[in-house]
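Dropping the structure in here first, questions after.
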Amino acid sequence: MGKAKTHVVRHETVELLKSLVRINSVNPSLVEGAPGEAEIAEFVADYMRSIGLETRVEEIEKGRLNAVGVLKGAGGGPALMLNGHLDTVGIEYMEIDPLDPVVKDGRLYGRGSNDMKGGLAAILAAAKALVDSGVELKGDLVVAGVCDEEYASIGTERLMDEVTVDAAVVGEPTGLRVVVAHKGFAWIDVETRGVAAHGSKPDVGVDAIAKMGKVLVGIERLQDDVLRSKRHGLVGSPSIHASTIQGGRELSTYPDHCKLQVERRMIPGEEPEDVDAEMKSLIASISAEDPKFEGSHRITFIRGPMEVSPKEEISQILYRSTVDVTGSAPQFVGEGGWLDTEIIWRRGTPAVAFGPRGAGSHSAVEFVELDSVVEAAKILELAAVRFCGTESPS
Ligand SMILES: [Zn+2]
């Protein structure tokens, strides 16, 4: 272990995490009738008030709340945000009671333990440690518990309309590695139109499903011949795949319509316009060869990729703080999945993801390793002091 002095108290941090796991905060946009973030946001806000942060709770939509606390700095230093989402995915398929945190062999089990109440506990414990240490930061520390990350991220979207900081750490479970890049994604609807006709009239009918077959072949070719050979050093290759398909009315009729839903995963450097142009050219090339082909596409939802430099100050400070707490150097890595970091980064604020080690996010058995939660809290405490600055270095 490293020798850094910190003020994180292990048993308090573990108890805090247990309390967070006990509160059902399943995202109601994912599971109808689920409770959302109202209770957990109030709990987190009470905690932040109790340690002396300037705290507010904000309802973004009905029952969908952010809890935001600020540890005011003395002035003259940069502001840092620690961000964690309050919501979880559903629990009905879990193998052990998802809301009764059980500790076994150094792991805490339960829904959200890994994604990401472990990280949230680490963020809150870091804030408490800073208060307990008596250190006076120059810049503000903003602690944000946000709603809806598992669906449309309305929490961080709203937060970034209101909060200006100089860097942010999103406490997702990264295994104490610094995530400096991740993929984005686009959802695309493709439609083909045919001509409905009696099944015995091939000269009249145009089969929209068969026409979609050409799109599917094109998508597979795009994947194998183009996207597979592109590569980003940290996140790997971009990709495209079909997700759902619908078409046809009845057995004896030529289908006049077919709809395909496609997902395209993007790597840093790829822009929404590139994805749009790629689909346009795919459809145009089919049209050029088949005069009866009639198709179109539409991007229905898009979240971009993001990348910050490992040389960015917050990246470097997390690196040094991790070395000082754990005694070993963290890796700078990329993630496949999209994270709230992108929303913060897109608004011009350097953002990285950093948090504890665990497994089973969105799965039937989920856990976080308690040692890593405590280490993450210690690292974030040190990182905040270093980033925000202080008159008396601790
Ligand atoms: Zn998460």
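The values are calculated or read from the model by the stated rules, or taken from the named source; none is laboratory data. Quantities reported herein were computed from a predicted structural model and do not represent experimental measurements. Cβ: placed from backbone, ideal geometry, glycine included. Neighbour counts: every protein chain shown. Each accessible area value is taken on the protein alone, full model and side chains, heavy atoms only, with ligands, DNA and RNA left out. Shrake-Rupley method; radii C 1.70, N 1.55, O 1.52, S 1.80 Å.
Let me confirm something: among SER363, SER287, which residue is away from the ligand (no atom under 16 Å from the Cβ), without any contact (Cβ under 8 Å) to a residue 24 or more places away in the chain and surrounded by fewer than 21 Cβ atoms within 10 Å (Cβ to Cβ)? Give the steps one after another, and end with the answer.
On the way: SER363 fails: away from the ligand (no atom under 16 Å from the Cβ).
So the residue among SER363, SER287 that is away from the ligand (no atom under 16 Å from the Cβ), without any contact (Cβ under 8 Å) to a residue 24 or more places away in the chain and surrounded by fewer than 21 Cβ atoms within 10 Å (Cβ to Cβ) is SER287.
Among the residues of the stretch 338-356, what is the count of those that are crowded, with 24+ Cβ neighbours inside 10 Å and either polar (S, T, N, Q) or touching a helix residue (DSSP H, G or I) at 6+ places or on another chain (Cβ under 9 Å) (or both)?
10
Quick check on the stretch 3-43: of everything there that is more than 22 Å from TYR109 (Cα to Cα) and not in a loop (DSSP other than H, G, I, E, B), which residue is least open to solvent (accessible area, probe 1.4 Å)?
Among those that are more than 22 Å from TYR109 (Cα to Cα) and not in a loop (DSSP other than H, G, I, E, B), it is ALA38.
Just the residues that are among the polar types (S, T, N, Q) and more than 21 Å from ALA127 (Cα to Cα), please, taken from the stretch 350-379. Outline the logic, then answer.
Our first condition is that a residue be among the polar types (S, T, N, Q); within the stretch 350-379, this holds for 361, 363, 372.
Those that are among the polar types (S, T, N, Q) and more than 21 Å from ALA127 (Cα to Cα): SER361, SER363.
Against the definition (open to solvent by less than 40 Å² (accessible area, probe 1.4 Å), more than 30 Å from ASP207 (Cα to Cα) and in contact with a His (Cβ under 9 Å, 6 or more places away or on another chain)), how does GLU335 come out, yes or no? Explain how you work it out, then say what you get.
Working: open to solvent by less than 40 Å² (accessible area, probe 1.4 Å): no; more than 30 Å from ASP207 (Cα to Cα): yes; in contact with a His (Cβ under 9 Å, 6 or more places away or on another chain): yes.
When the stated conditions are applied, GLU335 does not pass them.
Test of understanding: among VAL215, VAL169, VAL190, which residue is under 28 Å from VAL275 (Cβ atoms) and part of a strand (DSSP E or B)?
Details: VAL215 fails: part of a strand (DSSP E or B); VAL169 fails: under 28 Å from VAL275 (Cβ atoms).
Among VAL215, VAL169, VAL190, only VAL190 is under 28 Å from VAL275 (Cβ atoms) and part of a strand (DSSP E or B).
Output yes when any residue across the stretch 23-34 is at pLDDT 95 or above and under 27 Å from ALA383 (Cα atoms), and no when none is.
Looking through the stretch 23-34, none of the residues is at pLDDT 95 or above and under 27 Å from ALA383 (Cα atoms).
Any idea which of (1) surrounded by fewer than 15 Cβ atoms within 10 Å (Cβ to Cβ); (2) in contact with a helix residue (DSSP H, G or I) (Cβ under 9 Å, 6 or more places away or on another chain) is the one ASP46 doesn't satisfy?
Condition not satisfied by ASP46: (2).
Collect the residues in the stretch 192-217 that are under 34 Å from the mean Cα position of the chain (by Cα) and surrounded by fewer than 19 Cβ atoms within 10 Å (Cβ to Cβ), keeping them in residue-number order.
GLY213, LEU216, VAL217
Restricting attention to the stretch 332-355, report how many residues are part of a loop (DSSP other than H, G, I, E, B) and within 12 Å of the ligand (Cβ to nearest atom). Please lay out each step first, then the result.
Residues of the stretch 332-355 part of a loop (DSSP other than H, G, I, E, B): 336-340, 347-350, 354-355.
Subsequent filtering for residues that are within 12 Å of the ligand (Cβ to nearest atom) retains 337-340, 355.
Selection size over the stretch 332-355: 5.
Filter the stretch 270-287 down to residues that are under 19 Å from the mean Cα position of the chain (by Cα) and over 16 Å from ARG228 (Cβ atoms), then give me how many there are. Even if it seems obvious, please write down each step before you answer.
Step one: of the stretch 270-287, the residues under 19 Å from the mean Cα position of the chain (by Cα) are 270-272.
Still in the running and over 16 Å from ARG228 (Cβ atoms): 271-272.
Adding up the residues that qualify gives 2.
Mind listing whichever residues of the stretch 168-227 are polar (S, T, N, Q), more than 16 Å from the ligand (Cβ to nearest atom) and touching a strand residue (DSSP E or B) at 6+ places or on another chain (Cβ under 8 Å)? It would help to see each step written out before you state the result.
The first filter runs over the stretch 168-227 and keeps only residues polar (S, T, N, Q), leaving 174, 192, 200, 223.
Within this subset, residues satisfying the condition of being more than 16 Å from the ligand (Cβ to nearest atom) are 192, 200, 223.
Scanning the stretch 168-227 gives THR192, GLN223.
Among strands (runs of 3 or more DSSP E) lying entirely in the stretch 48-160, which contain 3 or more residues that are in contact (Cβ under 8 Å) with a residue 24 or more places away in the chain and within 16 Å of the ligand (Cβ to nearest atom)? I'd like the intermediate steps shown before the answer.
Numbers: elements: 54-61, 64-71, 80-85, 102-104, 107-109, 141-146.
Fully inside the stretch 48-160 and qualifying: 80-85, 141-146.
Against the definition (at pLDDT below 95 and open to solvent by 20 Å² or more (accessible area, probe 1.4 Å)), how does PRO272 come out, yes or no?
Values: at pLDDT below 95: yes; open to solvent by 20 Å² or more (accessible area, probe 1.4 Å): yes.
Yes: the conditions hold for PRO272.
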